[in-house]
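These notes concern the structure reproduced below.
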Amino acid sequence: MDTFIQQIINGLVLGSMYALVALGYTMVYGVLNLINFAHGDVLMIGAMIGLTILSLLGAHFPEMNGWLQLGIAILGAIPGCIIVNVLIERIAYRRLRNAPRLAPLITAIGMSILLQTFAMMIWGRNPLPFPQLLPSDPIAVGGAVISITQVLLLALAALSMCALVLLVEKTKMGRAMRAVAENPRVAGLMGVDSNRVIVYTFAIGAALAAVAGVMWGANYASIQFAMGTIPGLKAFCAAVLGGIGNIYGAMIGGIVLGIIESLGAGYIGDLTGGFLGSHYQDIFAFIVLILVLTVRPSGIMGERVADRA
Amino acid sequence: MALLNFDTSRDPKKAWISMALLLAVMLAFPFVAQNYGNSWVRIADLALLYIMLALGLNVVVGFAGLLDLGYIAFYALGAYMTGLLASPQFAALLESVIMLHPAFGDTLVAIMGEEIRTNGIHLSVWFIVPCAAALAGVFGAILGAPTLKLRGDYLAIVTLGFGEIIRIFMNNLNDPVNVTNGPQGINLIDSIKVFGVDLAGEQGSGAMVSIGSWQMPSVNAYYFLFLLLCIATIFITSRLQHSRLGRAWVAIREDEIAAKAMGINTRNVKLLAFSMGATFGGVAGAMFASFQGFVSPESFSLTESIAVLAMVVLGGIGHIPGVVLGGLLLAALPEVLRHVVEPVQMQLFGKVLIEAEVLRQLLYGLALVTIMLYRPAGLWPSPKHEDRPDGDSDTKGQSSGVVAA
Amino acid sequence: MSEPVILNIQGVNKRFGGLQALTDVRINIQRGQIYGLIGPNGAGKTTFFNVITGLYQPDTGTFELAGKPYSPSAPHAVAKAGIARTFQNIRLFGEMTALENVMVGRHVRTHQGVFGAIFRHKAARDEEKAIRIRAQELLDFVGIGQFAGRTSKYLSYGDQRRLEIARALATDPQLLALDEPAAGMNATEKLALRELLVKIKAEGKTVLLIEHDVKLMMGLCDRISVLEYGKLIAEGLPHEIQSNQAVIDAYLGGSH
């Protein structure tokens, strides 16, 4: 039972990061019917910017409180990621709004490669150590352990998601986002500037990815230029699991996928009689995707995709 | 490209002359390049393999319009199958099997002879290539089956997932039964031996291949073999394109509902696209394994799948000559640049600012983005896609539905 | 193969969530007839088409084509059984030439596969030639033979409609189902379409036709069914329909 709780905790931590990134995918898909393939790399950029900030802080203000440093890193990564994601929309996707759907996907793949290339040029190809700023003594929770960094991660994720819900439900921009996500043409007729809404959507997704990126670095202590693609794709699987276009779906899908992956990796050895081991962790997300698309394509909470007739 | 035209239906004489010219250049190339060292021909060898892959992917993406992001899996399957059947690896596999199921293991030894314990299996290329094609073809259908009802972008992600799953299996299938030897990969794969000629060269000859009284470097021998396979691939895919099946593929790509209404069994036709496309990947994989002598999971990553896609997209989706051009550019250019760019940077700046690897990635990314934004049909698209209404053979008599009253 | 009743469909019900799109709709078409289906927009005409051609699955219904039951479970099976259709919003294969579009129509009656494609043995070559010849014949039949090599998306609207009909005819159907073939046409084009349909009937083909142009329908059809809100409100000869009160109220205009 101890292992079980540990796996659940690991799953929650992993799932929170997936949820943050899945929100970006789902919101963009909701308004544009487009998979922003490069979104996972925005997570990587967030981690890299965070690392750069921490290095600068570490060099000039070594005695600064760890929490404060981490906070500054996150606050610094957010605008960086927003700029990147908004630029991607502007350069790559805007012109292809009415092109056949495969065109923007191929462009997105290209943008993903370019982001990784620029990261390679700026930060190099090798894995970079991410400073551990918070106390690392594990906290005992019901027979398992969790670190302060992971608790912070869960808290930040929960906070961000609440903030997002408030934004979407209670503010004018949120209403506009929901309108464009439902029917862009009619929203336009009602006076909503859908270009602005789309930029906002990309910006918010980027901000969430920035938080996830910095916390990823803090949690796993190592980052690299290629770290974003696979987690990004898994986050997309989580978004589909929860119901594409549906932000509550993305949150739930992220957490559920994290737990499935964690439990799966933990117990797969037992399940397959030792034939498969925990190295097979990465396949769960894709298997979940295939199952969802085959059995219940609208996901757990149901799709909310624009009516782009 | 008005100089070279390969469209035999439009202007047969020009087409055949163009093809003959190109063939002459391709045949002469190794002998010319030889003067500058072996590496150029080696680059060409690998480029030819990539061209084969691009042509195979073109069947799936170009003809049938199915965006497969996991195509490299078939390359991997062909390569690993060759690794198992033409290297000492089978001995290692056997060892692990015997440890688990002694009875089964011993039966295998009894059937196939005692040496497989130490040497593994070494089947001839004539057996391996059809097997690789068949294995890839079957897997093409298997991996394609769950995607049949999915819309384009989901299909892409699912196929990507499959590609990753296969790579992960290749990377981890070494315990308890050692099939793929995990991250280390399979070594000492046999080279190709045909008609008594070993393409890796005779022992002690410095990798020189002897055909009768003639001698040529091993890389040249492989070059001609791969060139032959490429030509065969072009021939077969071209025939597929201009057939009842090829039309069905285009129909599905253009409007799947209308295709179904016209009696096309879209499920079977799509599976055929996946299957046929995959076989070329499998054969190329088998060639790759024998050429390189070893295979490891690194060669079959998502990056490689995307690279092959980039070749198809850059060249001209669905247009065979375009795809060949795209393959040539993206496979050879980075290598060529590496030989040029790094020394130039050393001279100019005293150090290498942009490594060749980075340059390669940059090229691929730029290719995908700029082509989709500015020339979505590719560098060399199919002639029919020109925007002029009378771009085809019929120029007389503008179509008009309104008869003068 | 001279079964007098080509299409016999009874008891079709179709519900989409909260909307009952079709309620107990039936139809009975004799061989060689031109049968019309009219009704206000949203009455369920295209839905009915989609059901009988396998695009939608009905909740209930029995389906018989030329006396043999058929299952409208998959569009390609329906085409194989012998119903070919055109679409309200033309669905051609835009990048293909007119000839190639019609050649695709021959797919269901031919069978060369991968082997034939690669090796082009005699049987494959003969089949290709036959496909090409038949396709050209059909293009000539509908009156656009001279545009065989033109990319179909560049054809004029009226010619595209003809092409779609030629493509449907290529499947050698027992029943040709046309969904608003005259939509968007001017008077002259409609006349030409009428002539084409008469020509098709003269060849012995049976036609089921959805249309809004009442004059066209009355002059062309042998029998007409009228749908309103998914229900059949009238069925009979054209002049009977024209004087049917329920039809007039629903569709033709109250003040007659």
Out of everything in the range C:142-168 that is within 7 Å of chain B (Cβ to nearest Cβ) and within 13 Å of C:Val102 (Cβ to Cβ), what residue ends up being modelled with the highest pLDDT? C:Arg167
Of (1) over 28 Å from A:Asn98 (Cα atoms); (2) surrounded by fewer than 17 Cβ atoms within 10 Å (Cβ to Cβ), A:Gly302 fails just (1)
Looking at the range B:292-305, which of its residues are surrounded by fewer than 24 Cβ atoms within 10 Å (Cβ to Cβ) and of a type outside the set (Ser, Thr, Tyr)? B:Gln292, B:Gly293, B:Phe294, B:Pro297, B:Glu298, B:Leu302, B:Glu304
Determine the pairs where a residue that is in contact (Cβ under 8 Å) with a residue 24 or more places away in the chain and under 15 Å from B:Leu245 (Cα atoms), located within the range C:113-142, has a partner that is crowded, with 17+ Cβ neighbours inside 10 Å and of a type in the set (D, E, K, R) with Cβ atoms under 7 Å apart, the partner being 6 or more residues away or on another chain. C:Ile131/C:Arg106
Within the range B:158-189, can you find the residues that are of a type in the set (Val, Ile, Thr) and facing chain A (nearest Cβ under 9 Å)? B:Val158, B:Ile165, B:Ile168, B:Val177
Within the range B:177-190, is even one residue farther than 19 Å from B:Ala76 by Cβ, surrounded by fewer than 21 Cβ atoms within 10 Å (Cβ to Cβ) and modelled with pLDDT under 90? no
With (1) surrounded by fewer than 24 Cβ atoms within 10 Å (Cβ to Cβ); (2) more than 12 Å from chain C (Cβ to nearest Cβ) as the list, and B:Leu309 as the residue in question, which single condition is left unmet? (1)
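Residue-wise test of (1) away from chain B (no Cβ under 14 Å); (2) touching a residue at least 24 places away in the same chain (Cβ under 8 Å); (3) out of contact with any Lys or Arg (no Cβ under 7 Å at 6 or more places or on another chain).
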{"position": "A:Ile5", "(1), (2), (3)": "yes, yes, yes"}
{"position": "A:Tyr18", "(1), (2), (3)": "yes, yes, no"}
{"position": "A:Tyr29", "(1), (2), (3)": "no, yes, yes"}
{"position": "A:His39", "(1), (2), (3)": "no, yes, yes"}
{"position": "A:Val42", "(1), (2), (3)": "yes, yes, yes"}
{"position": "A:Leu75", "(1), (2), (3)": "yes, no, yes"}
{"position": "A:Ala108", "(1), (2), (3)": "no, yes, yes"}
Taking B:Ala145 as the residue in question, decide whether it is within 18 Å of A:Thr294 (Cα to Cα), surrounded by 18 or more Cβ atoms within 10 Å (Cβ to Cβ) and either more than 7 Å from chain A (Cβ to nearest Cβ) or touching a Leu at 6+ places or on another chain (Cβ under 6 Å) (or both). no
What's the number of the only condition in (1) modelled with pLDDT of 90 or more; (2) in a helix (DSSP H, G or I); (3) facing chain B (nearest Cβ under 10 Å); (4) closer than 30 Å to A:Thr52 by Cα that A:Leu291 fails to meet? (4)
Please specify each residue of the range C:166-223 satisfying the condition of being among the charged types (D, E, K, R) and in contact with a His (Cβ under 8 Å, 6 or more places away or on another chain). C:Glu180
Can you tell me which residue among A:Met227, A:Met251 is part of a loop (DSSP other than H, G, I, E, B) and either buried (at least 21 other Cβ atoms within 10 Å of the Cβ) or at positive phi (or both)? A:Met227
Considering only residues that are more than 14 Å from chain B (Cβ to nearest Cβ) and among the hydroxyl-bearing types (Ser, Thr, Tyr), look in the range A:201-250 and name the one that is farthest from A:Leu23 (Cα to Cα). A:Ser222
On the basis of being surrounded by fewer than 22 Cβ atoms within 10 Å (Cβ to Cβ), modelled with pLDDT of 90 or more and under 16 Å from the mean Cα position of the chain (by Cα), does A:Leu75 make the cut? no
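Every residue, every condition in (1) within 12 Å of B:Gly56 (Cα to Cα); (2) more than 14 Å from chain C (Cβ to nearest Cβ); (3) crowded, with 19+ Cβ neighbours inside 10 Å; (4) touching a residue at least 40 places away in the same chain (Cβ under 8 Å), yes or no:
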{"site": "B:Cys230", "(1), (2), (3), (4)": "yes, yes, yes, yes"}
{"site": "B:Ile257", "(1), (2), (3), (4)": "no, no, no, no"}
{"site": "B:Ile264", "(1), (2), (3), (4)": "no, no, yes, no"}
{"site": "B:Val269", "(1), (2), (3), (4)": "no, no, yes, yes"}
{"site": "B:Phe274", "(1), (2), (3), (4)": "yes, no, yes, yes"}
{"site": "B:Gly277", "(1), (2), (3), (4)": "yes, no, yes, yes"}
{"site": "B:Phe280", "(1), (2), (3), (4)": "yes, no, yes, yes"}
Filtered residue count, the range C:34-73, keeping only those that are surrounded by 21 or more Cβ atoms within 10 Å (Cβ to Cβ) and in contact with an Asp or Glu (Cβ under 6 Å, 6 or more places away or on another chain): 4
C:Leu196 - would you say it is in the same structural domain as C:Thr53 (by TED's automatic domain parsing), under 15 Å from the mean Cα position of the chain (by Cα) and touching a residue at least 12 places away in the same chain (Cβ under 8 Å)? yes
Being surrounded by fewer than 19 Cβ atoms within 10 Å (Cβ to Cβ), hydrophobic (A, V, I, L, M, F, W, C) and facing chain C (nearest Cβ under 9 Å) narrows it down to one residue among B:Phe235, B:Phe224; which is it? B:Phe235
Being in a helix (DSSP H, G or I), at pLDDT 80 or above, more than 10 Å from chain B (Cβ to nearest Cβ) and under 16 Å from A:Ile230 (Cβ atoms) narrows it down to one of A:Gly266, A:Gly258, so name that one. A:Gly258
Lone qualifier among C:Asp222, C:Asp249 - being touching a strand residue (DSSP E or B) at 6+ places or on another chain (Cβ under 7 Å), surrounded by fewer than 19 Cβ atoms within 10 Å (Cβ to Cβ), at negative phi and not hydrophobic (A, V, I, L, M, F, W, C): C:Asp222
Among the residues listed as C:Thr206, C:Thr188, the single one being among the hydroxyl-bearing types (Ser, Thr, Tyr) and under 19 Å from C:Ile6 (Cβ atoms): C:Thr206
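Matching residues to (1) under 30 Å from C:Asp140 (Cβ atoms); (2) at pLDDT below 90; (3) among the hydrophobic types (A, V, I, L, M, F, W, C):
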site	(1), (2), (3)
C:Glu180	yes, no, no
C:Leu191	yes, no, yes
C:Lys199	yes, no, no
C:Leu208	yes, no, yes
C:Tyr229	no, no, no
C:Leu232	no, no, yes
C:Gln245	no, yes, no
C:Leu252	no, yes, yes
Of these, B:Val197, B:Val209, which one is in the same structural domain as B:Ala73 (by TED's automatic domain parsing), closer than 21 Å to B:Tyr36 by Cα and in contact with a strand residue (DSSP E or B) (Cβ under 6 Å, 6 or more places away or on another chain)? B:Val209
Does the range A:121-139 contain any residue that is more than 20 Å from A:Ala207 (Cβ to Cβ), at the interface with chain B (Cβ under 10 Å from one of its Cβ atoms) and not small (Gly, Ala, Ser)? yes
Since C:Thr62 meets every condition but one in (1) of a type in the set (Ser, Thr, Tyr); (2) touching a residue at least 24 places away in the same chain (Cβ under 8 Å); (3) assigned to a loop (DSSP other than H, G, I, E, B), which condition does it not meet? (3)
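The values are calculated or read from the model by the stated rules, or taken from the named source; none is laboratory data. Because the structure is a prediction, the values reported are computed rather than measured. All Cβ positions, glycine included, derive from the backbone under ideal geometry; neighbour counts span all protein chains shown.
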